[in-house]
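We did not get these values from a lab; they are worked out from the coordinates using the rules stated. No experiment lies behind these values; they were computed from the predicted model shown. Positions of Cβ are generated from backbone atoms using ideal geometry, with glycine treated the same way; all protein chains shown enter the neighbour counts.
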Amino acid sequence: MRIGVLALQGGVREHLAHLRRLAIDAREVRTVSELEGLQGLIVPGGESTAIGRLLTAGDWVEPLRAFARDHAVWGTCAGMILMAREVSGGRPLLALLDIAVERNAFGRQIESFEEPLSVAEIEDGLEAPFPGVFIRAPRITAVGEGVHILARLADGTPVAARQGRLLTTAFHPELTPDLRFHAFFADLVRRRRP
Ligand code: GLN
């Protein structure tokens with residue numbers, strides 16, 4: 001199994017390192033042609049406006065939409081914004097996931113925070129909460145039919161969702177030592193059907 005990490009801007013190395021710790025063949029993806037031969041793709045965190053500009057300039061949008069039709073894709077943080085169908089205070093780009101998001105939803109005082117998250121779909125995810133690391137994170141404000149919410153903050157705000165083999169997290173599992181979200185994504189990659 002080979003998984004790529006979109007390497008235009010943002011937190012690429014940490015995702016590659018986590019995948020490799022799981023013995024997965026992980027590659028940086030810098031050109032559209034490097035999507036070939038991948039079974040899954042991670043769109044990392046970073047600055048969604050910067051990544052979005054590079055995606056548009058490099059004619060990535062259609063090839064990525066085509067890739068996502070029959071492969072697993074996971075967007076973290078800025079990646080969530082790029083995958084969303086609706087972005088308040090911004091423009092949707094890939095529109096892969098039937099979710100609406102709000103950028104920088106947690107305000108200036110709490111730009112970054114950590115909160116343990118109960119996640120039923122990952123291994124032992126109810127007994128051992130996942131460390132949710134949030135950095136100028138977006139939040140999900142609405143989800144369409146067929147979108148499963150995987151995790152919420154204590155106040156009920158949804159922060160992770162899955163639609164078929166498309167996964168999104170507002171937080172950064174690659175910045176924790178915990179490999180369970182990457183293992184969960186690898187399972188989605190292995191699944192042939194949504
Ligand atoms: N605030 C960033 C954005 O709007 C996302 C931050 C992140 O990816 N850590 O794109």
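Mind listing the phi-derived Karplus ³J(HN,Hα) values for the stretch 27-35, rounded to whole Hz, using 6.51, -1.76 and 1.60 with θ = phi - 60°, and x for any glycine or proline?
Working through the residues one at a time gives 10, 6, 10, 10, 10, 4, 5, 6, 6 Hz.
Restricting to DSSP H runs of at least four residues, report the calculated mean residue ellipticity at 222 nm for the chain, -39500 (n - 2.57) per run over all residues, nearest 500 deg cm²/dmol.
Numbers: 5 runs with 47 residues, N = 194.
Helix contribution divided over all residues of the chain: -7000 deg cm²/dmol.
For Gly132, what residues show an amide H to amide H distance below 5 Å, using hydrogens built from the backbone and excluding near sequence neighbours?
Excluding prolines and chain starts, which carry no amide H, the hits are Glu115, Leu117.
Roughly how large, in nm² to one decimal, is the mean projection of the convex hull of the alpha-carbon atoms in the stretch 1-106?
Result: a mean projected hull area of 6.4 nm².
Of the peptides 79-86, 176-183, how do they stack up when ordered by the mean number of other Cβ atoms within 10 Å, highest first?
My ranking of the peptides, most packed first, is 79-86, 176-183.
Taking every pair of Cα atoms in the stretch 87-145, average 1/r, invert it to obtain the Kirkwood radius, and report Rg/Rh to two decimals. Walk me through the numbers before you get to the answer.
Numbers: Rg = 13.8 Å, Rh = 13.3 Å.
Expressed as Rg/Rh, it is 1.04.
So how strong a dipole does the chain carry about its Cα centre when Lys and Arg Cβ are +1 and Asp and Glu Cβ are -1, to the nearest 20 debye?
Dipole about the Cα centre, nearest 20: 420 debye.
I'd like the Karplus ³J(HN,Hα) series for the stretch 164-172: coefficients 6.51, -1.76, 1.60, θ = phi - 60°, whole numbers in Hz, and an x wherever there's a Gly or Pro.
Taking θ as phi minus 60°, the curve returns x, 9, 9, 10, 8, 9, 6, 9, 10 Hz for the stretch 164-172.
Under 5 Å between amide hydrogens, which residues at least 5 positions from Thr141 or on another chain qualify, with H placed 1.01 Å from N in the peptide plane?
So Thr141 has HN proximity to Ala100, Val101, Glu102.
Can you list the equivalent-ellipsoid semi-axes of the chain, largest first and in whole Å, using the square root of 5 times each Cα gyration tensor eigenvalue?
22, 20, 16
What residues qualify as long-range amide H neighbours of Gly4, i.e. H under 5 Å apart, gap of 5 or more or another chain, H built at 1.01 Å from N?
For Gly4, the qualifying residues are Arg27, Gln39, Gly40, Leu41, Ile42.
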